[in-house]
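The values are calculated or read from the model by the stated rules, or taken from the named source; none is laboratory data. The structure presented is a predicted model; accordingly, all values stated were derived computationally and were not measured. Neighbour counts run over all protein chains shown; Cβ positions are idealised from the backbone, glycine included. Each accessible area value is taken on the protein alone, full model and side chains, heavy atoms only, with ligands, DNA and RNA left out. Shrake-Rupley method; radii C 1.70, N 1.55, O 1.52, S 1.80 Å.
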Amino acid sequence: MASFLAKRLALAVVTIYAVVTLTFFMVRLMPGNAMSYLEAQLSQQGGLTTQEIAGRVQAAYGVQPSDPLWHQYLSYLGNAARGNFGTSILDPGKTVLSVIAGALPWTLLVIGLALLVSFALGVIVGTLIAAFPQSLLAKIATGVVSFLAAVPNYIIALVLIYLVADQAHALPASGPYALTVTPGWNVPFIGSVLQHAILPALSYMIVAFGSWALTMKGSVSTIMGADYVRAGESWGLSRYRVTRSYIGRNAMLPMVTNLGLSLGYMFGGSVFIETFFVYPGLGYYLIQSVNQRDYPVMMGCFLLITIAVVVSNLIVDLVYPLVDPRIMSPGRARQAGLTGSGRAAETQTADPAARPAGRPAA
């Protein structure tokens, strides 16, 4: 287990280093050179000396344009290791880290909450559809979730803005909270934040729910035809036990992987949803930085998304043996305490066809 963890950590570090290197050279290879473009912008504004322009460029990128490329690269790596990604070009008074830190809570509130709720509902609905495929409700639900999964989330956002915000005036259409409330840990502010988060969260949750339900339906349908499920039913096990131990646990394996990856990509926010609702999350600042050529903020967002995805992949790799002990070798399973008479989970998830004929042990 220690060697497995060490390999995964080493791979994560190499991946993050590769992305940092890629973003460094990507900015410098873009047409027009990002630092030269910033110098030209500051010169056109006027009122700044050559030394002041060079200082603004160095504050934004952490390096001097006149320095050799290798020196810029080493300086960038050193600054990135210390969490210094420069300052925002659009807002010179803010560092990239402060911009990301200010946007991150809003993305976690809306996208994180919507992701977890849609995952739970999708797993439940998908399981019910697969368990009762011939029922009328299952057929209707399959059509509904298929439609929801196929519709882009920004279309749902536009529909909600038009129907709920513009026509019904039931919920606000933009901003993180009302301008009339005072930010802080007070009831009016918290209520306003939750009210403004409903429509963006629904826009993401409705589409994600359809995708989770379809994925769970396909996973459960595949597991239900497995030999070990039919063997468990032939032994006279209760429907609840077969569903929980033989179907549910195995069907959740691909869902755990997808959820882990989704949690990583969540840090990128939802660009369209946050832009339409003028919601100041990471997706909103990412698209603003791309449109306005705020390269330090753009690079910081890309790096955050990369780190989040790498870490979520690492967590999935560590959690997977707990969900399905079969992926570990017998020796590692014994070392981890996953075998023995006191561990029923491995027996329940193992292939019953390999057991001697007769009713399995309780």
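Here are the numbers for the structure shown:
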{"read-out": "Portion, in percent, of the accessible area of the stretch 69-135 that falls on carbon or sulfur, probe 1.4 Å", "value": "75"}
{"read-out": "Two-site label geometry, Glu52 and Phe147: point separation in nm, points 7 Å out along Cα→Cβ", "value": "6.0"}
{"read-out": "Net charge of neighbours whose Cβ lies under 14 Å from the Cβ of Val297, counting Lys and Arg as +1 and Asp and Glu as -1", "value": "0"}
{"read-out": "Among 186-192, 132-138, 280-286, the order from most to least packed when residues are scored by Cβ within 10 Å on average", "value": "280-286, 186-192, 132-138"}
{"read-out": "Distribution of pairwise C-alpha distances over the stretch 83-143, 5 Å bins, in %", "value": "3, 16, 14, 11, 10, 9, 7, 7, 7, 7, 6, 3, 0"}
{"read-out": "Gyration tensor (alpha-carbon) shape descriptor, the stretch 272-317, a/c threshold 1.5", "value": "oblate"}
{"read-out": "Virtual spin-label span in nm between Leu97 and Leu261, 7 Å along Cα→Cβ", "value": "3.2"}
{"read-out": "Overall form of the stretch 125-232 per C-alpha gyration tensor (a/c, 1.5; a/b vs b/c)", "value": "prolate"}
